[in-house]
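Q: My questions will all concern the structure given below.
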Amino acid sequence: MTSTSNNLLEMRGITKRFPGVLANDQIDFDVRYGEVHTLLGENGAGKSTLVKILFGLYQADEGQFLLRGKPVHIASPAEAIAARIGMIHQHFMLVPTLTVAENVALGLASSRRPFTDLETVSARIREISEEHGLAVDPSVIISHLSVGERQRVEIIKALYREVELLVLDEPTAVLTPNEVDDLFVILRRMADNGQGLIFISHKLHEVMALSDRITVLRNGRVVGATTPAETDRQKLAEMMVGRTVRLTPELPPAQTAESRLVLSNLTINGDAETIAVNNLSLELQAGEILGVAGVSGNGQRELAEAIAGLRPLESGAMTLNDKDVSLASTRDRRNLGLGYIPEERIPDGAVAEFSVSENLILVDHAASTFLDKGMFDEQAIADHSEKMVEDFAIKTPSIKTPTSSLSGGNIQKVILARELAARPTVLLACQPTRGVDIGAAEYIHTRLIEQRALGTATILISEDLDEVLGLSDRIAVMYEGQIVAIVPRQDAERSQIGLLMAGATD
Amino acid sequence: MDDFFTTSVLVATAAAAIRLATPYLLAALGETIGQRSGVLNLGVDGVMLLSAFFAYWTVLSTGNLWLAALVALLVGLIMGVIYAVITVFFEATQGISGIGIFIFGLGFSDLMFRQQVGTPKPVPRLPSVNIPFLADLPYVGEPLFQRSLMTYLAFGLVPLTVVLLNKTTFGLNVRAVGENPQAADSLGVSVERTRFAAIMIGNAFAGLAGAALVLQLGIFQPNLTQGMGFIAVALVYFGAWRPWGVMGGALLYGVVNATVLQWKALGIIPVSISDLAGMAPAILTIGALILLARRVHAPAALTKPFSRH
Ligand SMILES: Nc1ncnc2c1ncn2[C@@H]1O[C@H](COP(=O)(O)OP(=O)(O)OP(=O)(O)O)[C@@H](O)[C@H]1O
Ligand SMILES: [Mg+2]
């Protein structure tokens, strides 16, 4: 096989099977010098698998690839790095207890063997930081950095190794909008320097903003290729899912009546004994969705945990359906009608090792419907689980499948199914669609709106501003532990909310 | 009690403390390196027993103490290969595999002793080596500078281990692999090779610990260690996975042990409760662990086998 073009990378006929899954099916994919080529597809489409093959983490069952026109075989990450391929993984690949310089130096040959040469490494990091506007102190320990700074360290790791082909697997999933903008400037500059980039993201506006070319995968196969000039978000979403999708949900007028959840002057401590939520008051009506917007780390997580009963109040009071629950246990709150979709699907929302069925009855396993003389009624549980799997369109080989092997979107549906099955009157939904593909996100949104019509009062805490704007009757903006504004749906403007999130007061 | 607080008795107690601390220190330092790479080795005691027996047997047959120490080192390395293959390449559960190594070491050293030696016969002990000038210092000369080469080696290995872990590329790999092996792997660091090497060093140290124990005593008997290897594992936690902390733990252990022995000898502790007093060091360690437990942070990947899939 010889190369006909002068592409940086050409992958031909890549096939990869996992037990019971054809993750990549005869995929052809190439990257030119100086371009950003995006891989788009639903959860489980095979994007990560393809780039892991490129990086030597998996071996393809069939197919070949050419790098700079020459056939190569990459058996390990070490070989990929030697071939000047870099990868920024879906999850951070940093050692939290080591410093920035140590993380960068890891795996590199040292000029002072057998000793490390952190001074030289730090000096070079500073040069790279300056050159690319990536401010970070080489001597700081990773665990002291924010997620945005950690992502910068990942980029520096790649730049330090002078990669020519950089893979970014959902690099923006944990970043704030500003951090995403900064990242894109850097990525664009790398491409302009002639490097090739493979970009993976579920966020269509990012894909439209950054890509030169877009290849769409579905069920392990390439289903189309396009460019931002030839397409739009709606068309991309349809290519991905294979059917029409509604990107912005329709919201019938709210019919609020009685108040469901009242938070009065809540003060809540964070992990480091600092005040995370400061004297916050809020009232939630039946049949409304209240969106909480804010940059992560402004107290949303602590507020959610306090409402769920996982974090004590320093002061203030909370009533749920007119009962004081300031000191109530999680179980009591649930019995009073609280449903909770936590931010971390695993381990907070579901037990990874448990089967789908076990997770579906997790909190209500002691309910009489699932018991027969004190023992589990296997038949009742199976019937219930099958019904949930069907009702919520959960993609799983069976109800006995371990939850950990489901895609993120499907794990989220399992949690949603369990929480909604308990018929909550108040639903606390935290980042319900983070890392979830468009099809599943649309589904989850539809179910939330359905609950609203049934009179459920929902608090939706999300860092995805589009989600908050699309679903909420009222939008509360959180900044430094306080609600700085509550804006009704009809008055909400993206730019104004963005300013409020950043701490601007009007 | 006044008998105890005399200069000569205190100096003798300090000397005994440092001598007693030596095997604990060697074994715990080795275990520290292993654990920093993410591998818990509960088999230390078994390795110490095996190496102690073979060192003893070597002295018994050849009279050569240095050959004995070398043999102990080799025994440690052989056990290291076995443990590394089991845990790193076959990804076996570390806790159980370590217990297996311990039981094997206990049984095999016992069997060999009964077959090859039978009744305990004393052998020459490690001579003390006086450091010129320093050995003659008042008070500190005897406990610190009139010790055996094995003791000097053990304490000398503390700063060397610090340097190894904190200043070398190997040490960086060890720390990375013990915290986040996926991250190390993604940068081309071989998790397997790093852990293999850390286990080998740890077991070599355990082998030396066995040699130190038997050559200081000058005698072997079945189950000579009586759980010292397990105490060494506890000392790693006590020392919060830092060589200096581990040394502090080993010294504390040595001091309490030596004091109890001295008090027994002086009759301060009545014979009736002397066995009870023998538990003091263990209780002390447990107490310290409870106090420390909240603050210290174990290597995040400790006991977790690594594989890419
Ligand atoms: N190590 C593995 N063992 C078994 N199956 C796997 C493994 N890795 C991936 N799969 C399966 O292969 C398919 C493709 O997964 P992959 O992670 O490539 O999807 P993705 O497109 O990256 O999805 P996401 O958007 O959720 O990250 C999925 O069905 C997944 O369950
Ligand atoms: Mg993926």
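Rule-based calculations on the coordinates, nothing more; no lab input. Everything numeric here is computed off the predicted structure, so don't read it as measured data. Methodologically, a virtual Cβ is constructed for each residue, glycine included, from the backbone with ideal geometry; neighbour enumeration extends over all protein chains shown.
Q: Charges at C-beta only: +1 for Lys and Arg, -1 for Asp and Glu. How large is the resulting dipole of chain B about its Cα centre, in Debye rounded to 20?
A: Working: 16 positive and 12 negative charges, 97 e Å.
Dipole magnitude for chain B comes out near 460 debye.
Q: Between A:V223 and residues 5 or more places away or on another chain, which pairs have amide H atoms under 5 Å apart, with H built 1.01 Å from N, and which residues are they?
A: It is A:V216, A:L217, A:R218, by chain and number.
Q: Calculate one ³J(HN,Hα) per residue across segment B:199-206 by plugging θ = phi - 60° into the Karplus curve 6.51 cos²θ - 1.76 cosθ + 1.60, and present them in order as whole Hz with x for glycine and proline.
A: So the Karplus estimates, Gly and Pro as x, are 5, 4, 5, x, 6, 4, 4, 5 Hz.
Q: Calculate the FRET efficiency for B:L289 and A:T267 from the Cβ-Cβ distance with a Förster distance of 41 Å, rounded to the nearest 0.05.
A: Values: r = 36 Å, r/R0 = 0.87.
E(calc), rounded to 0.05, equals 0.70.
Q: Can you compute the modelled spin-label distance between A:R68 and B:H297, with each label point 7 Å from Cα toward Cβ, in nm?
A: My value for the distance between the label points is 4.0 nm.
Q: What number, in percent, do you get for the relative contact order of chain B if the mean sequence gap of Cα pairs under 8 Å and at least 6 apart is divided by its residue count?
A: Numbers: 543 pairs, mean separation 115.7, N = 309.
Relative contact order of chain B: 37 percent.
Q: If you don't mind, there's one more thing I want to ask. Taking each residue in B:181-194, count the Cβ atoms of any other chain within 10 Å of its Cβ, then average. What number comes out? Don't skip to the answer; put the middle values down first.
A: On the way: counts 1, 6, 13, 6, 7, 16, 15, 12, 5, 4, 0, 0, 0, 0.
What the average comes to for B:181-194 is 6.
Q: Which whole number gives the average, over all residues in A:52-61, of C-beta atoms from other chains lying within 10 Å of the residue C-beta? If you can, show how the numbers build up before the last one.
A: Values: counts 1, 0, 0, 1, 4, 5, 2, 0, 0, 0.
So the per-residue partner count for this stretch is 1.
Q: Can you give the helix-only mean residue ellipticity at 222 nm for chain A, where every DSSP H stretch with n ≥ 4 adds -39500 (n - 2.57) and the sum goes over all residues, rounded to the nearest 500 deg cm²/dmol?
A: Working: 16 runs with 160 residues, N = 506.
My calculation for chain A gives -9500 deg cm²/dmol from helical runs alone.
Q: Positive end of the charge dipole of the protein assembly as shown (Lys, Arg +1 and Asp, Glu -1 on Cβ, about the Cα centre): tell me which of A:V477, B:V256, A:L261 has its Cα farthest that way.
A: Toward the positive end, the furthest listed residue is B:V256.
Q: A:E62's amide H: which non-local residues (gap 5+, or another chain) put their own amide H closer than 5 Å, with H modeled 1.01 Å from N in plane and none for Pro or chain starts?
A: Excluding prolines and chain starts, which carry no amide H, the hits are A:T15.
Q: Treating only the Cβ atoms of Lys and Arg (+1) and Asp and Glu (-1) as charged, compute the dipole magnitude of segment A:7-241 about its Cα centre; round to the nearest 20 debye.
A: Working: 25 positive and 31 negative charges, 107 e Å.
Dipole size: approximately 520 debye.
Q: I've got another one for you. Want the number for B:D275 to B:R125: 0.36 nm per residue separation, take away the alpha-carbon distance, what's left?
A: Working: separation 150, 0.36 × 150 = 54.00 nm, distance 2.67 nm.
Stretched fully, the B:D275-B:R125 segment lengthens by 51.3 nm.
Q: Using alpha-carbon pairs under 8 Å, 6+ residues apart, how would you state the relative contact order of chain A in percent?
A: 15 percent
Q: On the first, second and third principal axes, largest extent first, how far apart are the outermost C-alpha atoms of segment A:262-365 in Å?
A: 41, 31, 25
Q: Let me ask something additional. Once you have all Cα-Cα distances for segment A:7-241, histogram them in 5 Å bins from zero and send the whole-percent values.
A: Whole-percent P(r) values from 0 Å outward: 1, 6, 14, 18, 19, 16, 12, 7, 4, 1, 0, 0.
Q: Also, I was wondering about something else. Among A:T231, A:L251, A:L420, whose Cα lies farthest out toward the positive end of the dipole of chain A, if unit charges sit on the beta carbon of Lys, Arg (+1) and Asp, Glu (-1)?
A: Checked the options; the winner is A:T231.
Q: Moving on to the next point. Sort A:432-438, A:144-150, A:374-380, B:146-152 for me by packing, meaning the mean count of neighbouring Cβ atoms within 10 Å per residue, highest on top. Don't skip to the answer; put the middle values down first.
A: Values: A:432-438: 22.6, A:144-150: 16.0, A:374-380: 11.0, B:146-152: 19.4.
Those peptides, ordered most packed to least, come out A:432-438, B:146-152, A:144-150, A:374-380.
Q: Expressed in nm to one decimal, what extension gain is obtained for the pair A:A209 and A:E131 from 0.36 nm per residue of sequence separation less their Cα-Cα distance? Let's see the in-between values first.
A: Numbers: separation 78, 0.36 × 78 = 28.08 nm, distance 2.32 nm.
25.8 nm is the gain from fully extending A:A209 to A:E131.
Q: What fraction of the DSSP beta bridges in the protein assembly as shown is antiparallel, stated in percent and rounded to the nearest 5? Intermediate results must be reported in sequence, preceding the final value.
A: Working: 47 of 82 bridges.
That works out to approximately 55 percent antiparallel.
Q: Would you work out the relative contact order for segment A:7-241, in percent, from Cα pairs under 8 angstrom that are 6 or more residues apart?
A: Relative contact order of segment A:7-241: 29 percent.
Q: Would you work out which of B:S148, B:S61, A:V21 lies farthest towards the positive end of the dipole of the protein assembly as shown? Charges go on Cβ: Lys and Arg +1, Asp and Glu -1.
A: Selected residue: B:S61.
Q: In addition: In the P(r) worked out for the protein assembly as shown, what percent of Cα pairs fall beyond 49 Å? Before the final figure, lay out the partial values.
A: Values: 110822 of 331705 pairs.
When all Cα pairs of the protein assembly as shown are counted, 33 percent exceed 49 Å.
Q: In peptide A:92-100, how many Cβ atoms from other protein chains are near each Cβ within 10 Å, on average?
A: Values: counts 3, 7, 5, 14, 5, 8, 6, 0, 0.
Neighbouring Cβ atoms belonging to other protein chains average 5 per residue here.
Q: Could you work out how far apart the two model spin labels at A:F354 and A:S139 are, taking each label as a point 7 Å from the Cα in the direction of the beta carbon, and quote it in nm?
A: Reported label-point gap for A:F354 and A:S139 is 4.8 nm.
Q: Also: Can you list the lysines whose alpha carbon sits under 28 Å from that of A:K395, skipping same-chain ones fewer than 8 residues off?
A: Partners within reach: A:K16, A:K47, A:K52, A:K203, A:K235, A:K387, A:K413.
Q: Okay, moving on. Please give the length that would be gained between A:H91 and A:D491 if that part of the chain were fully extended, namely 0.36 nm times their separation in residues minus their C-alpha to C-alpha distance (nm, one decimal). It would help to have the intermediate numbers written out before the result.
A: On the way: separation 400, 0.36 × 400 = 144.00 nm, distance 3.70 nm.
Roughly 140.3 nm would be gained on extension.
Q: For a label point 7 angstrom out from the Cα of A:D364 toward its Cβ, which stretches of segment A:391-406 have the backbone nitrogen within less than 14 Å?
A: Residues A:391-392 fall inside that zone.
Q: Right, here's the next one. Highest first, please rank the peptides A:38-45, A:449-456, A:240-247 by the mean number of other Cβ atoms sitting within 10 Å of their residues. Don't skip to the answer; put the middle values down first.
A: Working: A:38-45: 24.5, A:449-456: 17.0, A:240-247: 14.4.
Put in order of decreasing packing, that is A:38-45, A:449-456, A:240-247.
Q: Next up: How far apart, in nm, are two points set 7 Å out from the Cα along the Cα-to-Cβ line at B:D3 and at A:R112?
A: 5.6 nm
Q: Okay, next question. Under unit Cβ charges (Lys, Arg +1; Asp, Glu -1), what dipole magnitude, rounded to 20 debye, does the protein assembly as shown have relative to its Cα centre? Don't skip to the answer; put the middle values down first.
A: Working: 64 positive and 81 negative charges, 518 e Å.
Roughly 2480 debye for the protein assembly as shown.
Q: Determine, from the Cβ-Cβ distance of A:D181 and A:D372 and an R0 of 56 Å, the FRET efficiency 1/(1 + (r/R0)^6), rounded to the nearest 0.05.
A: Values: r = 57 Å, r/R0 = 1.02.
Efficiency, rounded to the nearest 0.05: 0.45.
Q: Give me a comma-separated list of calculated 3J(HN,Hα) values for segment B:43-55, in order, Karplus coefficients 6.51, -1.76, 1.60 applied at θ = phi - 60°, integers in Hz, x for any Gly or Pro.
A: My calculation for segment B:43-55 gives x, 3, 4, x, 5, 4, 4, 4, 5, 4, 5, 5, 5 Hz in order.
Q: Can you compute the FRET efficiency between A:A317 and A:R423 using 1/(1 + (r/R0)^6), with r the Cβ-Cβ distance and R0 = 22 Å? Round to the nearest 0.05. Write out the running numbers ahead of the final one.
A: On the way: r = 26 Å, r/R0 = 1.16.
Given R0 = 22 Å and the Cβ-Cβ separation, E is 0.30.
Q: Just to be sure I follow: if Rg is taken over the C-alpha atoms of chain B and Rh is the Kirkwood radius over the same atoms, what is Rg/Rh?
A: On the way: Rg = 19.6 Å, Rh = 19.9 Å.
Rg/Rh for chain B comes to 0.99.
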